[in-house]
1. Using θ = phi - 60° and the Karplus form 6.51 cos²θ - 1.76 cosθ + 1.60, what ³J(HN,Hα) does each residue of the range 100-115 get, whole Hz, x for Gly and Pro?
2. Rounded to the nearest angstrom and ordered from largest down, what semi-axes does the equivalent ellipsoid of the range 31-117 get from its C-alpha gyration tensor (root of 5λ)?
3. What net charge do the residues around ILE115 carry, taking every other residue with its C-beta under 15 Å from that of ILE115, with Lys and Arg at +1 and Asp and Glu at -1?
4. Compute the length gained on full extension between THR78 and LEU176: take 0.36 nm times their separation in residues and subtract their Cα-Cα distance, giving the result in nm to one decimal.
5. In nm, what is the difference between 0.36 nm times the number of residues separating TRP166 and THR30 and their Cα-Cα distance?
6. Using a basic spin-label model with each label point 7 Å from the Cα along Cα→Cβ, how many nm lie between ALA52 and THR21?
7. In terms of the Cα gyration tensor, with a ≥ b ≥ c the square roots of its eigenvalues, is the range 6-196 rounded because a/c is under 1.5, prolate because a/b exceeds b/c, or oblate?
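Since every read-out is calculated from the coordinates, none of them should be taken as a lab result. If you're wondering where the values come from, they're calculated on a predicted model, not measured in any experiment. All Cβ positions, even for glycine, are placed from backbone atoms using ideal geometry, and neighbour counts span all protein chains on display.
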Amino acid sequence: MSHNTWIHKVSRLGVRPLVNTAVTPNQITTLRLACGIASAALVASGEASLIAWGAGLFLVSMVLDRADGELARLSGKTSPWGHRYDLIADSLSNALIFVGLGIGLRDGFFGLWSIPMGFMAGSAVASILWLVMRAEALQGARAAEISGSGGFDPDDGMLAIPVLIWLGLSQILLALAAIGAPAFAVFFFLKFRKFLFSGEASTD
């Protein structure tokens, strides 16, 4: 993932005043995770107003996701554990929003099928993050990075979640996620399969 996307630039401005304070990158990661979990819970409620608030909170969690790394780099507080914690928080937050969406749409077009659809999308997202951690454990940091362009990277695709929810397209979002997330997980596995299961950790 790039460190200079538009979201990174916004986050960088926000965390710059925190560089010489007691606030740590891991604290921001924890806040990101808390926002991600709360967002999923609000979306899972099925109430239109709460779903809208949940979408907004998920957007906040995405900004915080970039903010922790920006603070770590600006303050010189980067660490292997912090990077791994960030990936775990990403995995849980991004997976749970789809699980929550599936639960919240249980009375909609797909009926109770929306619940397994949400779990399918969430599981696929979690598996992608597991593959990233596996690749980095074997080949070093950012071994599984996929570059972006135009100030956006592939992970910024998650911005579609709050946008589509606010546009009243939650059902379409769920259908796209249930198909697209597993498809991307397969693509990711095939792209990096040559070293994912090599069994030889990087010494870099």
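1. Karplus-based 3J(HN,Hα) across the range 100-115 equals x, 4, x, 5, x, 9, 4, 9, x, 4, 8, x, 5, 5, 4, 5 Hz.
2. With the √(5λ) rule applied to the range 31-117, the semi-axes are 30, 13, 7 Å.
3. Working: positive: ARG106; negative: ASP107.
Computed value for this residue: 0.
4. Details: separation 98, 0.36 × 98 = 35.28 nm, distance 3.53 nm.
Stretched out fully, the THR78 to LEU176 stretch lengthens by 31.7 nm.
5. Length difference between fully extended and current span is 46.4 nm.
6. 3.1 nm
7. Oblate is the answer for the range 6-196, as a/c is 1.5 or above yet b/c matches or exceeds a/b.
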